[in-house]
């Protein structure tokens with residue numbers, strides 16, 4: 001009998017986790033041909049999420065849980081799930097029920113046909129501000145134009161991965177992670193499922209504008225060197241323009257003399273060049289900072305407890 005692992009990274013999901021469990025139980029009961037494992041990863045929650053996981057594990061042998069020592073972020077919590085998943089395939093979901101568990105049987109059907117990465121693409125994005133939707137689409141457009149791999153637009157983490165994909169993802173141990181890009185990078189046979197994304201069943205999202213912006217920067221920096229090239233192009237253009245302007249000033253001085261004029265022009269040029277230099281230094285700093293973090297070779301996450309047993 002094939003085993004299916006459902007991975008759910010959780011951060012402060014005490015309100016939505018019981019609702020998610022009840023909905024998933026219906027799916028598992030309606031598909032007895034598979035052996036099921038619900039793997040819950042507690043990413044340093046500050047509410048009662050961990051205790052709910054313990055209670056679910058005590059009453060249902062299909063439920064496993066992993067408690068991380070602190071909040072490492074969803075990207076690293078998913079890597080922990082890859083390491084501890086025991087299924088022949090794994091379905092990644094959020095506990096907020098924005099991704100409907102009712103799509104799981106369709107994912108499994110495509111998996112049985114031989115597809116190794118069955119991903120869910122959003123037709124609609126649920127309750128989301130127009131500004132956030134605009135920036136999301138703009139980010140995907142920029143990332144697609146600056147990277148050499150195909151980036152799937154309007155696709156999140158809700159997907160089914162075959163064991164070969166899980167093992168491939170386990171090999172990618174970088175600490176600065178953009179998992180959505182990694183899913184595209186590893187390749188394998190992919191299949192798309194369209195769905196309408198729902199609203200949160202309960203609780204409040206921990207993703208604010210700044211955290212989403214940081215994730216977008218992470219995605220661009222992790223899969224593209226375009227920012228460095230843009231800095232190079234800007235520097236080249238500014239240097240050529242400055243050289244041309246220098247020739248112009250030199251000829252003008254020879255012909256018309258050198259009256260004391262042009263203070264506004266000098267200030268504008270100095271401020272512009274200073275801005276370009278600071279922008280270029282900032283881009284270099286982003287890449288150097290990632291090199292620095294990776295060079296320390298720290299573990300990507302630290303797990304404290306697995307199914308009631310302390311990890312030593």
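Could you tell me whether segment 142-160 includes any residue that is at pLDDT 85 or above, at negative phi and assigned to a helix (DSSP H, G or I)?
The answer is no; no qualifying residue exists.
Among the listed residues 229, 189, 177, identify the single one that is within 25 Å of the chain's Cα centre (by Cα), at pLDDT 75 or above and over 30 Å from residue 13 (Cα atoms).
Numbers: 229 fails: at pLDDT 75 or above; 177 fails: over 30 Å from residue 13 (Cα atoms).
Of 229, 189, 177, the one residue that is within 25 Å of the chain's Cα centre (by Cα), at pLDDT 75 or above and over 30 Å from residue 13 (Cα atoms) is 189.
Could you please let me know if residue 75 is buried (at least 19 other Cβ atoms within 10 Å of the Cβ), in contact with a helix residue (DSSP H, G or I) (Cβ under 9 Å, 6 or more places away or on another chain) and over 12 Å from residue 6 (Cα atoms)?
So residue 75 fits the description; yes.
If I ask for residues that are free of Cβ contacts under 8 Å to residues at least 24 places away in the same chain and farther than 18 Å from residue 99 by Cβ, which ones from segment 1-52 would you list?
29, 32, 50, 51, listed by residue number.
Would you list the strands (runs of 3 or more DSSP E) that sit entirely within segment 1-94 and hold 1 or more residues that are in the same structural domain as residue 182 (by TED's automatic domain parsing) and under 18 Å from residue 158 (Cβ atoms)?
3-10, 35-42, 89-92
The values are calculated or read from the model by the stated rules, or taken from the named source; none is laboratory data. Because the structure is a prediction, the values reported are computed rather than measured. All Cβ positions, even for glycine, are placed from backbone atoms using ideal geometry, and neighbour counts span all protein chains on display.
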